[in-house]
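Reading through the structure tokens given below for one structure.
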Amino acid sequence: MYEQLRLSNQICFPLYAISKEIIRRYSPFLDELDLTYPQYLVMLTLWEFGEQSVGEIGSKLHLDSGTLTPLLKRLQSKDLIARTRSQTDERTVMIALTNQGRALEHQAVDIPNKVADCFKLTADEMAVLQKIAHQINC
């Protein structure tokens, strides 16, 4: 067997496993808000940046519109967002928070700290991990 093909020598596998574990740790906190992890990510972008087009949200989250559209429809059915056509370009769908969506931010504010507590990492270790993840992802 080629040494470079061993699972233990792959960078992709531990990152994949970590990603799955992080999402698993978010689940109980997001269940309380009736959100999936991808829905939570959309809500984070809206809380931070306000109204945006589907394309802008997709760009921030690295998701295509085919993935985003059903997710956004579910958030709309929960009355957390409103989807409207742009006044300047009817091909563009704009996404905005509803009052209920804005109120949910107050319920979600402690989630990042709760998840961080699950990993037993110091603040410095978390900062290093986040920095490395951003370097890889950008």
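Put simply, of THR84, THR67, THR98 the only residue that is out of contact with any His (no Cβ under 6 Å at 6 or more places or on another chain), without any contact (Cβ under 8 Å) to a residue 60 or more places away in the chain, more than 21 Å from LEU30 (Cβ to Cβ) and polar (S, T, N, Q) is THR84.
Under the condition of being within 18 Å of TYR40 (Cβ to Cβ) and charged (D, E, K, R), the residues counted in region 84-102 number 1.
Condition test on ARG74, is it surrounded by 13 or more Cβ atoms within 10 Å (Cβ to Cβ) and part of a helix (DSSP H, G or I)? Spelling it out, ARG74 is indeed surrounded by 13 or more Cβ atoms within 10 Å (Cβ to Cβ) and part of a helix (DSSP H, G or I).
Residues of region 38-58 include at least one that is under 15 Å from the mean Cα position of the chain (by Cα), surrounded by fewer than 12 Cβ atoms within 10 Å (Cβ to Cβ) and without any contact (Cβ under 8 Å) to a residue 12 or more places away in the chain.
Please determine whether any residue of region 111-133 is in contact with a Phe, Trp or Tyr (Cβ under 9 Å, 6 or more places away or on another chain) and small (Gly, Ala, Ser). The answer is no, given that none of the residues of region 111-133 is in contact with a Phe, Trp or Tyr (Cβ under 9 Å, 6 or more places away or on another chain) and small (Gly, Ala, Ser). Being touching a residue at least 60 places away in the same chain (Cβ under 8 Å) and either closer than 24 Å to CYS12 by Cβ or aliphatic (A, V, I, L, M) (or both): is that true of LEU104 here? Yes; evaluated as a whole, the condition is true for this residue. With respect to LEU63, determine if the residue is among the aliphatic types (A, V, I, L, M), in a helix (DSSP H, G or I) and either crowded, with 16+ Cβ neighbours inside 10 Å or at pLDDT below 95 (or both). So LEU63 does not fit the description; no.
The one condition from (1) surrounded by 17 or more Cβ atoms within 10 Å (Cβ to Cβ); (2) touching a strand residue (DSSP E or B) at 6+ places or on another chain (Cβ under 7 Å) that SER86 does not meet is (1).
Taking region 79-138 as the range and being aliphatic (A, V, I, L, M), assigned to a helix (DSSP H, G or I) and over 22 Å from VAL54 (Cα atoms) as the test, the residues that pass are ALA108, ILE111, VAL115, ALA116, ALA123, MET126, ALA127, VAL128, LEU129, ILE132, ALA133, ILE136. Taking the conditions (1) exposed (fewer than 11 other Cβ atoms within 10 Å of the Cβ); (2) of a type outside the set (Val, Ile, Thr); (3) over 30 Å from LYS120 (Cβ atoms) in turn, ALA17 satisfies each one other than (3).
The values are calculated or read from the model by the stated rules, or taken from the named source; none is laboratory data. In this text, all values refer to a predicted model and were calculated from it rather than measured experimentally. Don't worry about glycine lacking a Cβ; one is built from the backbone with ideal geometry, like all the others, and counts go over all protein chains shown.
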